[in-house]
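*Asks:* My structure is below; once you've seen it, I'll send some questions.
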Amino acid sequence: MADEIDVSFVMTVYNKEYYLPSVIKALLAQTGLKNPEFIFVDDVSSDSSVEIIRRMTNGVKNVTIVTNPYNRGISARINQGIALARGKWTRMLDSDDIFPLDSTAKMLAVAEETGAEMIYGCFTKTGKEPKELENCQTEEFGYQYAANALEGVLNGRFTRMGQLIKTKVLQKAGGADERAFIQDESIPLRAALYAKGIVKMTANVVLVPKEIGNFSGNKIQLDHDRFMAYYWILKDHPELPEEAQRRLYLRAVSAFWKFTKKSRQFPFFSVAFVRYLGCKLLALKPNTSYLDHMYKQFSALSEVRRIKP
């Protein structure tokens, strides 16, 4: 159909007026697309973010701007946008991510060539001003294909928003796990359960300008959210193959060990280190009681943000 939407871009927004003019300029200028849509979900910004979006998208077709009555968090807001997506593919971004102008078209071409339903690329922290990145193109790249999407995710690191996923897969997976505040780890894990094939490109499909403050500064938050992504996949899907369960358990134990190193004296004398070493060397099966122990420790933390009900 001539009016079928090929790609839905879903952006979460919270107080990013410094970045948005360049982010949106590059987003609207994505080349090689037939009929994209643009979904912006604001989490009650207190700056001029929403006004900038409205001004820059005035007259652009297929634009949806969602405002909310109260702040709820990144995972919850990305899920709002995913639920609204009508395109064959969905590409998500933070409001400080700048896409090379031809990056989406390159990702679609790889999807067409391989038949994969999840396409990932790399990101790079440039340290540059946003305006310096508005007109960048994708460099030459190679890629790796894995028929088993979950195995592909567990073999690599899939963070930041360098992803293009079939919308039906993303919606079937339920988007991000809202039991983790930050969406980075949970989206690829959950989508991989339903996707047919995954590709990891070597190209930088996300360019990060100089950073002036984000959640990555809270390392305990990152440890917490990584753990929760792995914990709930294991709890929700006991039918997963044994090897996948071992790999997920190792990642959960690793997240807890990283947290332990930051939070206590003499961490190498801790049970957390012994468990981590055992998993790393012996590929242990998930231990339910220890999983629940780690969950309780993370759940008791007061310094991490959680999704408001």
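*Asks:* Go ahead and run the numbers for FRET between Glu51 and Ile212, Cβ-Cβ distance against an R0 of 25 Å, rounding to 0.05.
*Replies:* Result of the calculation: an efficiency of 0.80.
*Asks:* What does the chain give for Rg and for Dmax, in Å, if only its C-alpha atoms count?
*Replies:* That works out to 19.5, 64 Å for Rg and Dmax.
*Asks:* Which distance in nm do the two modelled labels at Glu239 and Asn135 give, with both placed 7 Å along the Cα-to-Cβ direction?
*Replies:* Label-label distance for Glu239 and Asn135, simple model: 5.3 nm.
*Asks:* On to the next question. Less than 16 Å apart at the alpha-carbon level, and either on another chain or at least 8 residues along: which lysines does that give for Lys261?
*Replies:* Answer for Lys261, where 16 Å is the Cα cut-off: Lys219, listed by chain and number.
*Asks:* Rank by packing, highest mean first: peptides 113-123, 289-299, with packing defined as the count of other Cβ atoms within 10 Å averaged across residues.
*Replies:* Those peptides, ordered most packed to least, come out 113-123, 289-299.
*Asks:* What's the carbon and sulfur percent of region 118-196's accessible surface, probe 1.4 angstrom, rounded to a whole number?
*Replies:* On region 118-196, the fraction of accessible area on carbon and sulfur atoms equals 45 percent.
*Asks:* Would you mind working out the accessible area per residue for the chain, using a 1.4 Å probe, and quoting it in Å²?
*Replies:* Normalised by residue count, the accessible surface of the chain is 45 Å².
*Asks:* Take Gln144 and Lys61, extend 7 Å from each Cα along the Cα→Cβ direction, and tell me the distance between the two endpoints in nm.
*Replies:* Between Gln144 and Lys61, the simple spin-label model gives 4.1 nm.
*Asks:* Let me know the charge dipole size of the chain about its Cα centre in debye, to the nearest 20, where only the beta-carbon of Lys, Arg (+1) and Asp, Glu (-1) is charged.
*Replies:* I would put it at about 980 debye.
*Asks:* Rg/Rh for region 107-259: what does it come to with C-alpha atoms and Rh from Kirkwood?
*Replies:* That ratio is 0.98, to two decimals.
*Asks:* OK, next. Would you count, across region 19-175, every pair of lysines whose alpha carbons are under 14 angstrom apart, provided the pair is eight or more residues apart or spans two chains?
*Replies:* 7
*Asks:* Next question. Give the percent of DSSP beta bridges with both residues in the chain that are antiparallel, rounded to the nearest 5.
*Replies:* So the antiparallel bridges in the chain amount to around 35 percent.
*Asks:* Quick one: if you stick a label point 7 Å off each Cα along the C-beta vector at Val271 and Asp3, how many nm between them?
*Replies:* 6.1 nm
The values are calculated or read from the model by the stated rules, or taken from the named source; none is laboratory data. Note that the coordinates shown come from a computational prediction; the quantities given were computed from them, not determined experimentally. No Cβ is skipped: glycine too gets one built from the backbone with ideal geometry, and neighbour counts run over all protein chains shown. For accessibility, only protein heavy atoms count, side chains too; no ligands or nucleic acids. Shrake-Rupley method; radii C 1.70, N 1.55, O 1.52, S 1.80 Å.
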